[in-house]
Amino acid sequence: MSDNASHAPKTASEIASHVEEPSQAELHTHRRNAFAALGWARENLFSSIPNTILTILSVTLLVWAVPPLLDWMLLKATFLSEDPAACREAGGACWSFVTVKHRFILFGLYPYDEHWRPLLAMGLFIAALAVSCDSRFWNKRILYVWALALPLCGLLMWGGWFGLTFVPNDKWGGLPLTLILATLGIVLAFPLSVLLALGRRSDMPAIRAICVGYIETVRGVPLVSVLFMASIMFPLFLPEGVTIDKLLRAQLGIMLFTAAYLAEAVRGGLQALPKGQYEAADALGLSYWQKTRLIILPQALRLVIPPIVNQFISCFKDTSLVIIIGLYDLLTTAKTALADPSWRAFYVESYVFAALIYFLFCFFMSRYSQYLERRLNAGLKR
Amino acid sequence: MTSQAPKTPWWNDRANRAILYQVAVVGLVVLAGWYLISNTLANLAARNIATGFDFLTREAGFAIGETPIDFDPADSYAKALLIGLLNTVIVAVLGVILSTLIGTIVGIARLSGNWLVARIATVYVEILRNIPVLLQLLFWYALITEALPEPGDAFQPLEGVFLSNRGLKYPTPDWGGLEWLVLAALILGIVLAFLLSRWARLRQAATGQTFPSLRLGLALILAWPLLIWLLIGAPTAFDAPMLDGFDFTGGHSVSPEFVALLTGLTLYTASFIAEIVRSGILAVAPGQTEAALALGLKRGQVLRLVVMPQALRVIIPPLTSQFLNLTKNSSLAVAIGYPDLVSVGNTTINQTGQAIEGVAILMAVYLIVSLAISAFMNWYDKKTALVSR
């Protein structure tokens, strides 16, 4: 049905190009396709009375919502003017807010003239993420990629070498900070989560109890309380005189929180392996760590890549919570940009801009994870 | 006279090794804990911060915007925290109910044969679940406080109901202190209608006789409170909100913070629940639907009687974790100033300086609430589990 429907616009353009002399045969195909489109509509929109009512309701909703939205978003919008008064006059969306403030929203308090550095670091980060999505890199090579990318990003962001001015990390902000918090959160949590998952499946009761206790406690409390703990209690944990950076505290909090969720994903992979793999490894006389390193983890971790990507998505969204402890991530900068009294009224534009960035990242990652799931399932079905 | 196999040394024995490892790990954990605690105690002593939970009985000294039970700044911190917990529970319970409703509708809509409806539902799900919930909360809060008019020009969707940037104000019945009777009658009616429909179902299963439980149930829910209302003299007085200067007095109000929090949490969680419902329905074998249709059941009946009961078994475990997420996400209230547990806890920590006790209380309460929800859902899951005959 939908196949026929997709023919309809093609034929319409054909008709338009041959409009002078429509042959009998072409008219015939046109009519047939028009019937097909009608048939499609009848099948998909008007198959029964309730269905027709639903269609009418949906169309009403769209007519009610979409034209004013388009009007606001595009037709009446202001794009380039640097004067908020022009926006008020136009009455539509004030995208000039984004034009004026995008550097602050994207990079926060980072020195204005040095913005190319976080931009480059972000590019590197995204490139490293993209490379990590390629299954050819799912071995030791992925370690090399990150071992190269992370220090390079650090050097770019901090500077203080090769003529770059030093930028302390309390000036970092915006999208680079969000990316750093999310990615490092997952990368650092990963080894810990593997240990926790192995511990939870261990035969040794004391180790199992410790791991279960940790995982369930962290999963039972909100991230906000973990961040509170990180920001208020970590300084108290350290010996007198030692201080710990605010960014590092938040990063540790996010890492400890993510590790518990990731551990459950890894445990899923460990449980999904057929028992024969464990038994065969034991029969070969491998020690526990040999078995784990050579037989179990390489297979189990492949299975848990989609849940890890999903965890990355939620970690990416969760980093927005650092607003509560006063770090300048993407959401905080979007909110702070509104503190400027002359632009205060354009909160919708600011939040929509930030939301769009979050959406693009999360949407593509979730599509990627769905693609992976299909691919891995296809392998299993054969 | 066989030659003695070389004896395994005791440290290579599996059981002994396990004990060794465990002692080592537990020792390390205890050592790390002791190190942190001793540091903390030294730090607290150096900063002259008191320890212990004595502060709970002290006077809180701050006012709370929304109090389901009476609260005065002269009351104790313990009571302030209790109010915070109640506010959290109110948002969580309402959020769970509403997001389940919306999520189920959207999830079914995504599978609808109606092309347009399915597309709209997909757009809803994809947009809402890919944007951080905190951003959504801030957005709704800004929208309510900035886009809605001042109380002076409040929207009036119904007579006596005012929607302004101070929140939603609505009239409450003022029937000389007897309002609770009608409310009690309504609740009793709902409970009775529920029991009636249950009895009717059981009788139908046993004897095949049908019973008009829907009509009678509706009558119980509507007519029975009406009767009580007539009995107390059919009062019509209302305590309506009145504009007085810059704000309303009288009536009942729902704060903008609460509306923003509930809207944001509900819509966000509903997008996840929709996906769970959809995958649950897809997990039911298509033969079930075909067989039910072949029996002559209508589409709605197929969904209600055949597909949903089977899908529920797939749906409940992930649904539980969404309920837990919603409850935990309600802690984001602190960002928009709704006085939930975290918000009150934060104020308490700032005023007393007793961070460790404060964070410990927060974590303990959330743990207990989480455990309670999962216990309840596990019980429900067991109840609906397939009984193999």
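The values are calculated or read from the model by the stated rules, or taken from the named source; none is laboratory data. If you're wondering where the values come from, they're calculated on a predicted model, not measured in any experiment. Positions of Cβ are backbone-derived with ideal geometry, glycine not excepted, and every protein chain shown enters the neighbour counts. When the accessible area is computed, the model is the full protein with side chains, heavy atoms only, and any ligands, DNA or RNA have been set aside. Shrake-Rupley method; radii C 1.70, N 1.55, O 1.52, S 1.80 Å.
Computed over the alpha-carbon atoms, chain A gives an Rg to Rh ratio of 1.08, Rh here being the Kirkwood radius from the mean inverse distance. Helices in chain B, meaning DSSP H runs of at least 4 residues, each add -39500 (n - 2.57). Divided by all residues, the mean residue ellipticity at 222 nm is -22000 deg cm²/dmol. Computed with a 1.4 Å probe over protein heavy atoms only, the accessible area of A:Trp116 comes to about 130 Å².
Nonpolar atom fraction for the protein assembly as shown, defined as the carbon and sulfur part of the 1.4 Å probe accessible area, stands at 67 percent. Cross-linked pairs A:Lys291/B:Lys7; A:Lys275/B:Lys382; A:Lys317/B:Lys328; A:Lys76/A:Lys335: Cα-Cα separations exceed 19 Å for A:Lys291/B:Lys7; A:Lys275/B:Lys382; A:Lys76/A:Lys335. Taking chain B as a Gaussian network, Cα atoms linked when under 10 Å apart, which of B:Pro241, B:Pro212, B:Pro256 shows the biggest mean-square fluctuation? In the Gaussian network model the winner is B:Pro212.
The mean sequence distance of close C-alpha pairs (under 8 Å, at least 6 residues apart), as a share of the length of region B:134-185, puts its relative contact order at 23 percent. The value obtained for the protein assembly as shown, namely the Cα convex hull volume divided by the number of residues, is 291 Å³ per residue. Using the beta-carbon distance between B:Leu295 and B:Leu216 and R0 = 35 Å, what value does 1/(1 + (r/R0)^6) give for FRET efficiency, to the nearest 0.05? With R0 = 35 Å, the Cβ-Cβ based efficiency is 0.80.
The residues B:Lys328, B:Lys382, A:Lys171, sorted by heavy-atom accessible surface at 1.4 Å with ligands and nucleic acids left out, run B:Lys382, A:Lys171, B:Lys328 from largest to smallest.
Loop-located trypsin sites (Lys or Arg not before Pro) in region B:22-82 (DSSP state other than H, G, I, E, B) with a sparse environment of at most 16 neighbouring Cβ atoms within 10 Å: B:Arg58. Neighbouring Cβ atoms from other chains, within 10 Å of the Cβ of residues in B:360-366, number 4 on average. Ordering B:104-113, A:316-325 by mean Cβ neighbour count within 10 Å, with the highest value first, yields A:316-325, B:104-113. Using only side-chain charges placed at the Cβ, +1 for Lys and Arg and -1 for Asp and Glu, the dipole size of chain A relative to its Cα centre rounds to 1300 debye. Residue by residue along B:133-145, Cβ atoms of other protein chains within 10 Å of the local Cβ number 5 on average. Legend: mean number of C-beta atoms from other chains within 10 angstrom of residue C-beta atoms, peptide B:115-125, equals 4. Among B:Ala185, B:Ala147, B:Ala92, which one moves the most in a GNM of chain B with springs linking Cα atoms closer than 10 Å? Ranking B:Ala185, B:Ala147, B:Ala92 by mean-square fluctuation puts B:Ala185 first. Helical runs (DSSP H, four residues minimum) scored at -39500 (n - 2.57) apiece and divided by the length of chain A put the mean residue ellipticity at 222 nm at -23000 deg cm²/dmol.
Region A:176-260 gives an Rg/Rh value of 1.02, both radii derived from C-alpha positions and Rh following Kirkwood. With Rh defined as the Kirkwood radius, the inverse of the mean 1/r over Cα pairs, the Rg/Rh of region A:123-188 is 1.01.
In this structure the protein assembly as shown gives 54 Å² per residue of accessible area when probed at 1.4 Å with all protein chains present.
With the cut-off at under 14 Å, measuring from each backbone N in region A:193-229 to a point 7 Å along the Cα-to-Cβ line of A:Ile325 picks out A:222-229. B:Val93 exposes around 80 Å² of accessible area when a 1.4 Å probe is run over every protein chain in place. Considering only A:Gly159, A:Gly220, A:Gly241, the mean-square fluctuation computed in a Gaussian network model of chain A, springs between alpha carbons under 10 angstrom, is largest for A:Gly241. Relative to the longest principal axis of the Cα atoms of chain A, the long axis of helix A:246-272 makes an angle of roughly 80 degrees. Isolated cysteines of chain A, defined as having no other cysteine beta carbon under 4.7 Å away, are A:Cys133, A:Cys153, A:Cys211, A:Cys315, A:Cys362.
Placing A:Asp245, A:Asp203, B:Asp340 in order of accessible area, with the largest value first and a 1.4 Å probe, yields A:Asp203, A:Asp245, B:Asp340.
Run the paramagnetic zone check for A:Leu61: 7 angstrom along Cα to Cβ, then residues of region B:73-110 with backbone nitrogen under 19 Å. So the set is B:98-110.
The slack between B:Ser279 and B:Asp239, meaning 0.36 nm per residue of separation minus the straight C-alpha distance, is 9.7 nm. Principal-axis analysis of the Cα atoms of chain A puts helix A:347-381 at an angle of about 80° to the longest axis.
Place +1 on the Cβ of every Lys and Arg and -1 on the Cβ of every Asp and Glu in region B:230-311, take the dipole about the Cα centre, and give the residue among B:Thr263, B:Leu305, B:Ala234 whose Cα lies farthest towards its positive end. The residue sitting most towards the positive pole is B:Leu305. What separates the Cα centres of region A:345-359 and region B:316-342 is a distance of 23 Å.
Distance between Cα centroids, region A:50-83 to region A:198-230: provide it in whole Å. Here the answer is 47 Å between Cα centres. Sequentially through region B:35-49, phi angles give Karplus couplings (6.51, -1.76, 1.60; θ = phi - 60°) of 4, 5, 5, 5, 4, 4, 4, 4, 4, 4, 4, 5, 9, 6, 9 Hz, Gly and Pro residues having no value and appearing as x.
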